[in-house]
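Take a look at the structure set out below.
The values are calculated or read from the model by the stated rules, or taken from the named source; none is laboratory data. This structure is a prediction, so every number in the text was calculated from the model and none was measured. FYI the Cβ positions are ideal-geometry reconstructions off the backbone, even for glycines, and counts take in every protein chain you see. Accessible surface areas use protein heavy atoms only, side chains included; no ligands, DNA or RNA. Shrake-Rupley method; radii C 1.70, N 1.55, O 1.52, S 1.80 Å.
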Amino acid sequence: MDLLAQYSDSDGEEKKPPASLPVGAAPKAAARKPIPGVDLALLPAVDAAPEVDTLGQSLVAKWAYNTSEKRILTNPKIEALSKPLKGPIPEGKLTLEESFNNHKMGRVEKAAMSKFAFDEQYLTFHNFGYAANPCRQIPEGQEVLVSGEADHQPGRGIWDKPRRGKRQRIEGPDMEEGKANAESAKWGGFIDGDVVRKQLEVEVKAREEEVARKAEEEKAVEGEERETKERVTSIFHGGKETDYAGRSWIDNKTHITKDVDDKQCFLPKKWVHTWTGHTMGVSKIKWFPKTAHLLLSAGMDGKIMIWDYHNQRKCLRTYFGHDQSVRDIAFTADGRRFYSVSYDKNIQYWDTETGKIIATFTNKKTPFCVSVHPDESQQNVIVTGCSNKKAVQWDSNTCTITQEYDEHMGAVNTVTICEDGKRLLTSSDDKKMFLWEFGIPVVVKHIAEPTMHSIPQIVLSPDQKYVIGQSMDNKIIAYEAFGRFKYIARKTFRGHINAGYAITPGWSADGKWVMSGDADGKLWFWDWAKCKNYRVLKAHDGVCSGALWHPLQTSRVVSCGWDGAIKLWD
């Protein structure tokens, strides 16, 4: 304790170095006072304050605070800057990094900034010449740092859209046009707002001309549709359209109207007659309702032809109304009118006798099938299956859509109206069958199985109790056409090849026989009760696309094929 007391005065204050010492020099050790009875030479020299290396401190301080000096005399490492200071520490300064933070390139401060904010200010400064001031204590009026070469007013960011009337960059032919103008052209393809406004006026004018041109084209199309009724849409091939008694050519003059409910149908054996006239394949044939004295055929050549079944068996009238292949046809209840759908996306409503088009309507989608409501008072109501995955219900009197049945995931192939118009059965490319209440677009029953295939054709039985469908796995399947529409597993007809073709199957008039064409042009006959094949006829050279059993003559069958021929079998 006596030794420590020698380093302080009697008042307890610490000794200060003389004022004459140079800056940065270490003070010398204080002279020790003699102690009676003690040899001071034998005692070790003790200094309470540790030795501090002050070499270069003055130079660092001069470089740090004198910004006019252009030389850097020291380059301390980050370890030296970050370690704690030794010796007297100024108030609030813990490390050299905090003490000497004024550098040659500006004031260095730690700041937490996201990459997005940094990129935004960086790109704004390099594109527009200004950025936000990053200092903590921003002097008044210096919130934005503006470059001396900046040509823009502060306020726009790199993410802001260009304002109208300001300078905008143009490229392409307009850029060359802007360069040609010496007053408004700028470097980099920038032009003034006046030139931009002129360009906008030119573009608006061009747009208005385009809209006017399209409106004229639509008017021309509407005019062509109006002229459709006036132009020749059919050719009558007979001598006179009326006979000596004033009866029309579509009237039945044979008086064969016997019912076959009590008669048995027989399988045909031989080929009797061939109707030729279509230049391409025949896709669909339909009997005249009730009497079946006329036969209507739809061809892939875009023509619809009606044939005389009795007498001379020749073509009576040809209907020209479609530009592409006719997909399906359907008579009204009295046969005076019929509907046709085609790949030209049009639905035509025809007058059978005169051959004139009553109405043409479309939803810009390809219709694959058409069905007429069975009620005689609603013959203007039809349902078409379209390529847009919808079954569309139309009113042919107003040519408007009254309902859409939209649940399928693929194109609707068939539409079958069951239970006297109360139910609607649709099949689609999505390998499903949906049952609907007529007029209500809510599915009543989903018919879908993992083993099911697409069913492109469905035919209702004469007694309307069953439906048969042409399945794409080379078989014909059957369902009930009433109640819960149960699948009848034991009623499966095999043997023919139909995969890939929409071949229309058929029923006999008494419902005891099922028939179908196939891809090889053969005509197959099965027994409905036993599901056994009894006869196969080589009918056509190409695909046999459909077959109809005559409703009055119990052993007569008509078939059609892709060879363009319609054949009668007995």
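Give me the percent of accessible area attributable to carbon and sulfur for region 458-570, probe 1.4 angstrom.
Here carbon and sulfur together make up 49 percent of the probe-accessible area.
Could you give each residue of region 542-557 its phi-based ³J(HN,Hα) in whole Hz, using Karplus coefficients 6.51, -1.76, 1.60 with θ = phi - 60°, and x for Gly or Pro?
x, 6, 8, 8, x, 8, 10, 9, 5, x, 10, 8, 6, 10, 9, 10
Could you list which residues have their amide H under 5 Å from that of H293, counting only those 5 or more apart in sequence or on another chain, with H placed in the peptide plane?
F288
Using per-residue counts of other Cβ atoms within 10 Å, averaged over each peptide, order 448-455, 324-331, 275-282 from highest down.
Values: 448-455: 14.0, 324-331: 20.5, 275-282: 18.4.
Packing order, densest peptide first, comes out as 324-331, 275-282, 448-455.
Hey, could you get me the Stokes-Einstein D for region 414-468, Kirkwood radius over alpha-carbon pairs, 25 °C and 0.890 mPa s, rounded to whole µm² s⁻¹?
On the way: Rh = 11.7 Å.
For these conditions, the coefficient is 210 µm²/s.
Using a 1.4 Å probe on the protein heavy atoms, what percent of the accessible area of region 233-374 belongs to carbon and sulfur? The partial results should precede the final answer.
Working: 3220 of 6500 Å².
Of the solvent-accessible surface of region 233-374, carbon and sulfur hold 49 percent.
For W513, which sequence-distant residues (separation of 5 or more, or a different chain) have an amide H within less than 5 Å of its own amide H, given hydrogens modelled in the peptide plane?
Counting only residues 5 or more places away or on other chains, the set is S508, W528.
Using only the alpha carbon atoms of region 363-409, find the Kirkwood hydrodynamic radius as the inverse mean reciprocal pair distance, in angstroms to one decimal.
10.9
Can you give me the convex hull volume of the Cα atoms of region 396-440, divided per residue and expressed in Å³?
84
Along the three principal axes, how long is region 297-451 when you take its alpha carbons, biggest first, rounded to the nearest angstrom?
Cα extents, longest axis first: 50, 32, 30 Å.
Whole-Hz ³J(HN,Hα) for each residue in region 272-287, computed from phi via Karplus 6.51 cos²θ - 1.76 cosθ + 1.60 with θ = phi - 60°, x for glycine and proline: what do you get?
9, 8, 10, 9, 10, x, 6, 7, 10, x, 9, 9, 7, 10, 9, 7
What accessible area per residue comes out for region 308-462, rounded to a whole number of Å², with a 1.4 Å probe? Let's see the in-between values first.
On the way: 6240 Å² over 155 residues.
In whole numbers, region 308-462 has 40 Å² accessible per residue.
Mean separation of Cα pairs under 8 Å and 6+ residues apart, divided by the residue count of region 418-570: what relative contact order is that in percent?
13
Could you let me know the centre-to-centre spacing of region 297-339 and region 395-456, using Cα atoms, in angstrom?
When both Cα centres are located, 26 Å separates them.
Net charge near S516, counting Lys/Arg +1 and Asp/Glu -1 over other residues with Cβ under 13 Å of its Cβ? Kindly include the intermediate steps, with their values, before the conclusion.
Working: positive: K475, R494, K522, R535; negative: D518, D520.
Within the 13 Å Cβ shell, the charges total +2.
Show me, for region 198-208, the HN-Hα J-couplings you get by feeding each phi into the Karplus relation (A = 6.51, B = -1.76, C = 1.60, θ = phi - 60°), rounded to Hz, glycine and proline as x.
With the stated coefficients, region 198-208 comes to 5, 5, 4, 4, 5, 5, 4, 5, 5, 5, 4 Hz.
What size of dipole, in debye to the nearest 20, comes out for region 437-570 about its Cα centre when the only charges are +1 on Lys and Arg C-beta atoms and -1 on Asp and Glu C-beta atoms?
Taking the Cα centre of region 437-570 as origin, the dipole is about 440 debye.
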